[in-house]
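Contents: one structure, followed by commentary.
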Amino acid sequence: MEVDLWFADYAALRCEELASSSDGILDTEELARRNRFVFERDRRSFAVSHVLLRRVLSRYAPLAPAEWRFDFNTWGKPRIANPNLERAVYFNLSHTRGAALVGVSYDSEIGVDIEQTERDASCVELADRYFSPTEVRALRELPSSSQQRERFFELWTLKESYIKARGMGLAIPLDQFSFSFPPGDTSSAEVTPRISFSPTLGDSPDVWQFIQRPIGASFRAAAAVRTSPGATVQFLWKQTTGDFV
Ligand SMILES: CC(C)(COP(=O)(O)OP(=O)(O)OC[C@H]1O[C@@H](n2cnc3c(N)ncnc32)[C@H](O)[C@@H]1OP(=O)(O)O)[C@@H](O)C(=O)NCCC(=O)NCCS
């Protein structure tokens with residue numbers, strides 16, 4: 001089974017053109033959301049990520065970008081609402097300052113997260129507050145503050161990818177599940193960590209697969225996909241450039 005992960009670095013895109021195409025591509029609700037942003041920078045970023053999302057989706061079914069319809073679960077996760085697609089398409093979008101990530105799978109529920117890692121963050125304090133005790137212990141045992149910082153973003157993106165794949169967002173407490181990593185410094189590598197759950201979540205590690213990696217010096221990304229036990233998942237990273245037509 002394949003999962004495509006489309007990374008969009010806004011510095012490599014023709015953002016002006018993408019944003020100005022949004023009037024003809026986004027639906028009424030998206031346009032209303034776009035127009036509610038106070039700052040032009042935020043309006044443009046929303047427009048670019050949602051135009052990109054629609055263009056990416058049009059690679060997976062014979063629909064034009066403007067033809068995609070969405071509905072939302074109780075917690076706000078968007079899913080495709082177009083009837084009569086030959087094959088169900090699952091997707092998830094994440095954006096951060098300067099970039100976006102779209103994950104697409106034909107077969108399985110997916111969640112993705114991308115974070116810009118250059119921002120100031122009190123990593124250990126945030127970890128203490130939100131992550132599981134096992135994760136906090138492993139993070140604190142890392143020898144340098146730079147390794148702790150890298151681990152914090154590894155965990156953050158992975159945890160977000162899981163709660164987004166479940167579609168429940170922060171209704172799932174972040175300390176009720178834990179990721180463990182292979183020994184050694186994982187910070188510059190692509191890793192496939194293991195998850196474990198507290199019994200309260202009633203979930204099974206056998207049906208989940210994850211990927212996590214840095215992208216350049218500024219971003220870190222993760223994806224989660226729900227599979228059948230034992231399934232082989234291939235995560236394929238793809239890059240968008242120009243106006244991505
Ligand atoms: C909404 C949430 C699911 C992710 O939010 P986020 O990390 O701020 O934002 P992302 O850019 O990764 O994802 C937003 C996109 O996910 C999708 N989304 C919205 N609700 C979702 C849900 N319940 N499940 C999955 N995806 C969802 C939407 O496409 C949304 O994009 P849009 O707002 O442009 O339409 C939720 O988990 C949240 O609010 N997280 C807060 C992050 C945080 O504080 N984490 C603490 C870690 S220390």
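Residues of the range 93-108 with an amide N closer than 17 Å to a point placed 7 Å from the Cα of K238 along the Cα-to-Cβ direction: 93-94, 100-108.
Taking 0.36 nm per residue of separation and subtracting the Cα-Cα distance, what length does fully extending R41 through R14 add? Before the final figure, lay out each step's value.
On the way: separation 27, 0.36 × 27 = 9.72 nm, distance 1.45 nm.
Length difference between fully extended and current span is 8.3 nm.
For the pair the range 13-47 / the range 219-238, the C-alpha centres are spaced 29 Å from each other.
Can you give the direction-averaged projected area of the convex hull of the alpha-carbon atoms in the range 2-242, in nm²? Approximately 13.5 nm², given one-decimal rounding. Ranked by the mean number of other Cβ atoms within 10 Å of their residues, highest first, the peptides 145-152, 231-238, 208-215 fall in the order 208-215, 145-152, 231-238.
As a size descriptor, the averaged projected area of the C-alpha convex hull of the range 148-203 was calculated at 4.1 nm². With bins 5 Å wide beginning at 0, the percent of Cα pairs of the range 34-159 falling in each bin runs 2, 9, 15, 17, 15, 13, 12, 9, 5, 2, 0. Where the alpha-carbon atoms of the range 1-85 are placed on the principal axes, they occupy 37, 29, 24 Å, in descending order.
As a calculated quantity, the FRET efficiency between R33 and D185 at R0 = 30 Å, using C-beta atoms, amounts to about 0.15.
Which angle from 0 to 90°, rounded to the nearest 10, does the C-alpha axis of helix 145-166 make with the longest principal axis of the chain? Between the helix axis and the principal axis of the chain, the angle is about 50 degrees.
Every number here is computed from the coordinates shown, using simple stated rules; none is lab data. Here the structure is a predicted model, which means the values were calculated and not measured. No Cβ is skipped: glycine too gets one built from the backbone with ideal geometry, and neighbour counts run over all protein chains shown.
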